Every structure is written in C-alpha cells, then in structure tokens.
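The values are calculated or read from the model by the stated rules, or taken from the named source; none is laboratory data. Since the model is a prediction, treat every value here as computed from it, not as a measurement. Here the Cβ is made from the backbone with ideal geometry for all residues, glycine too, and neighbour counts use every protein chain on show.
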Amino acid sequence: MDFLQICKRVRQDSGISGDIAAVTGQQGILAKLVTWVQEADLEIQRSKTEWSFMWRRASANLVVGKNEYLPADLNMQPFANIETLFVGTRQLNEVPWAQLEHDLLSNGSVPTGEPCSYALSPDGMIVFNRAPAAAVATNIRYHLLPLRMTINTSVSPIPEEFHEAIVQKALQSYARHEQDDQLQRDAIGAFDVLSKEMASRFLPKISFKFGALG
C-alpha cells in the first residue's frame, strides 16, 4: 500500500466518515489521521537500528582527482549509517571528521592515491583521505535514514506484508484521541503480534555460546 491507501484503510477501520482523496489539504480529524499514519510509519522505522529492510547496497566509480562526494554521487539514498565501504578490494576505515579534516589541512592539498579511510563531513559529504589517480570502484553497504511519507504515492520501506503494523499503530493514536479504550486494546494487541513477527523476520539472530559444564 502507498501512503494514500494506508490512510484510506485507517479511515475505514476507524469508522471516520468521509473520504480521503489526497494526503494533502485535509482538515479536522482527517488531517490528524494523515499525521497519525506518517508518525506510525516513522516510529516503526526508527524503533530498531538493525532492521534488515532498511539495509541497502550501492556501487559507483570514484572519479580521478576527486575525494568528496554527495551520497547521491555514489548512488546512495539518504542514509543513517554506513556499515561497510570498499574501494577496490580494500575495506576502508571510517575516521572522525575532525581527524580527517586536520590531516587534509595540514597536508595543504589532497594526496593522490587509492583511499584507505573516509569521514562524514558535517554538511553531508563522504570525504576520502585521498583522491584516486585512476577511476576505481566503490561498494557500500548502509542503512536508510528513516523518512516520512509525504505524497499520495509514497511507499514505506517497511515490507508491504507488514503495512498492517502501520495501520494498527495509527489506530492506536486515533483511539487515544477518541478515548476509545476497546479500540486501543485491540490495536495494541494486533500491533504486538505483528511487531514480534517483524522482529523475528527482520532483526539479526542472537546466538549464545556456552562453555562445557563441570
């Protein structure tokens, strides 16, 4: 379901009268409903930093003589964190921005060569410690930045089979607004079942190692 379809579903399940033709331009309780859906989706995205459905990969070529890149230059979407970054076959270390900036300023210019480290600048750039002398491939694994759905056709990164979790979380907000205790209990119960299944499916498995007894 896209943003508008989820809003329509919440309106239907809540029993609110009227219809939602668009997620913008709404007033009164329908405007609140749109916001509740937005916040429900965003809260689920933010609830765990290791959701596998937020994981992405990107690849691009570094340009000769260039050491600073916007994420989009490297075919990345807005990201929360970088898990691994390879240049050629070398995995690079992420270093603090202050350290890399100091090294570059102290050097007086950007060294030429294959990068071995990178930093994230305060203005959102990915900055390498060296500028390559020849084009070289980079491969990146990262997690998406949680973002709000904003237009009718926005689609949450949460897998569609679990969009029901967004519906149930939004219904909780509606139930609190209306002081409908029964609806709130039902929505909380349904959401808890879905969230446990999501945790089982989309979070890393925890393994325990036990030493020999005795």
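The table that follows gives values for the structure above.
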{"quantity": "Residue among Ala137, Ala119 that is under 28 Å from Thr49 (Cα atoms), in contact with a Pro (Cβ under 7 Å, 6 or more places away or on another chain) and not β-branched (Val, Ile, Thr)", "calculated": "Ala119"}
{"quantity": "Condition broken by Leu105, with the remaining ones in (1) outside the structural domain of Gln184 (by TED's automatic domain parsing); (2) modelled with pLDDT of 95 or more satisfied", "calculated": "(2)"}
{"quantity": "Residues that are among the hydrophobic types (A, V, I, L, M, F, W, C), over 30 Å from the mean Cα position of the chain (by Cα) and closer than 17 Å to Leu62 by Cβ, drawn from region 99-121", "calculated": "Leu104, Val110"}
{"quantity": "Selection from region 10-20 of residues that are surrounded by 12 or more Cβ atoms within 10 Å (Cβ to Cβ) and over 24 Å from the mean Cα position of the chain (by Cα)", "calculated": "Arg11, Gln12, Asp13, Ser14, Ile16, Ile20"}
{"quantity": "Scope region 36-74; condition surrounded by 15 or more Cβ atoms within 10 Å (Cβ to Cβ) and under 12 Å from Pro157 (Cα atoms); matching residues", "calculated": "Asp41, Leu42, Ile44, Gln45, Trp51, Phe53, Met54, Arg56"}
{"quantity": "Residue that is farthest from Ala119 (Cα to Cα) [pool: residues in region 14-68 that are in a helix (DSSP H, G or I) and among the aromatic types (Phe, Trp, Tyr)]", "calculated": "Trp36"}
{"quantity": "Meets criteria (of a type in the set (S, T, N, Q) and over 30 Å from Arg130 (Cβ atoms)) for Gln91", "calculated": "no"}
{"quantity": "Strands (runs of 3 or more DSSP E) completely within region 85-187 that count 3 or more residues being buried (at least 16 other Cβ atoms within 10 Å of the Cβ) and touching a residue at least 60 places away in the same chain (Cβ under 8 Å)", "calculated": "136-144"}
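Per-residue answers, yes or no, for (1) farther than 20 Å from Ala190 by Cβ; (2) touching a helix residue (DSSP H, G or I) at 6+ places or on another chain (Cβ under 9 Å); (3) in contact (Cβ under 8 Å) with a residue 12 or more places away in the chain; (4) not assigned by TED's automatic domain parsing to the domain that holds Ile140:
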site	(1), (2), (3), (4)
Asp13	no, yes, yes, yes
Ser17	yes, yes, no, yes
Gln26	yes, yes, no, yes
Pro78	yes, yes, yes, no
